[in-house]
Amino acid sequence: MVLPVRATLAHWVVLALGSALLAALLLALHVPAAVLLGCMVVGMALALRGTVLALPRPVFTIAQALMGCLMGHSLQPQHLGSVARDWPVFLGATVLLILVSTGLGVWLMRRQVMPGTTALWGMTPGAASAMVVMAEAHGADARLVAFMQYTRVLVVTLVSALVARAALGPAPEGTASASLWASVSASGLATTAALVLGSVLLAPRLPLPGGALVLPLLATALVQVLWGLEPALPPVLMGLAYAVLGWSVGLRFTHAIALHALRTLPQVLLCIALLMLVGLATATALVLGTGMDPLSAFLATCPGGADSMAVIAATSKVDTGFVMAMQLARFLIVLVAVPGLSQCLVRRLQRPNARSDPS
């Protein structure tokens, strides 16, 4: 048994430097969500050594709000227009993937692979970071949800990138990083500050689970559609937000949670493979039914993170608008439907004494 170690300044320095080094390595290897994953792994390593570190709550709330702004910024009017024009296609493909992911989550629940609603949130195909935050707000184990979500994102993104590269060859130099160096306007920064500050002040006062994420997401989408204002989200600022979210999960790991995650890895990988097969079948149906090019259909129906799929689509010769619209439509439906669905299923399926809590 590892005894808790009181945190010192040296531990915080080790956390920051170790996270920076690992994140830089993962970025060099083009791993998706590199900063968040690097910080989560280093935080986990310190936690498993018995070091007790905790981030101030307001810092975590600000990171959630920035993530909400990022999600809302993805909801561009031109992408939402594609959803409106082809809504039967979007709705059918999205509902099918959500139903299958829910079925797999129920299977994991029945086998008591994961405790409570953790299996449902872990299998839900959406923006991984947002799913972790929402899951914790609804009572799931954020550590295991993060394990499931980022395992899925890594597997799906790797396969998708390999498929895109095999179909089209390597992406032109600089296309993926051009937007990283775009100038940041003062009005954009002011918009971001107002959205984040307003959400941080309002969220605790509203009976809304995950309000620090949901409020800025909705507010960002509204100011873009109604007034054409876009928040500025410079890479440095978002990198800090990703770091905080990664640390918030990693620093809470225990030996019991880590061993449980390793024991359940085969079942989680099996569910990911089945979910990818459903996405592939849906893409095939889109190609045969609408004449869409195969790669666009494949990326649009992949059960990966919307941000990862956007990067792959932006650096490939595909219908980027359709891919983004499909991914964002799925995220919106998940955001609205999954919280109530998870609570309903847990009441029906989980016996009071059947909970397997590894913590």
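The values are calculated or read from the model by the stated rules, or taken from the named source; none is laboratory data. All figures in this text were calculated on a predicted structure; none of them were measured in a lab. Counting neighbours? That spans all protein chains shown, and the Cβs are built from the backbone with ideal geometry, glycine included.
Structure values in brief
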{"read-out": "Among residues of region 64-111, those that are modelled with pLDDT of 70 or more, under 21 Å from the mean Cα position of the chain (by Cα) and among the small types (G, A, S), counted", "value": "7"}
{"read-out": "Filtered residues of region 219-238 (kept if part of a helix (DSSP H, G or I) and either of a type in the set (A, V, I, L, M, F, W, C) or surrounded by fewer than 17 Cβ atoms within 10 Å (Cβ to Cβ) (or both))", "value": "A219, A221, L222, V223, V225, L226, W227, P235, V236, L237, M238"}
{"read-out": "Pair list, Cβ < 7 Å and 6+ apart or interchain, from region 90-111 residues that are in contact (Cβ under 8 Å) with a residue 24 or more places away in the chain to residues that are of a type in the set (D, E, K, R) and buried (at least 22 other Cβ atoms within 10 Å of the Cβ)", "value": "T94/R330; L97/R330"}
{"read-out": "Lone unmet requirement of (1) loosely packed, with under 15 Cβ neighbours inside 10 Å; (2) more than 19 Å from F331 (Cα to Cα) for G250", "value": "(1)"}
{"read-out": "Unique match (being within 22 Å of V155 (Cα to Cα), in a helix (DSSP H, G or I), at pLDDT 75 or above and of a type outside the set (K, R)) among L286, L275", "value": "L275"}
{"read-out": "Criterion: out of contact with any strand residue (DSSP E or B) (no Cβ under 6 Å at 6 or more places or on another chain) and either at pLDDT below 85 or not in a helix (DSSP H, G or I) (or both) - qualifying residue of A119, A140", "value": "A140"}
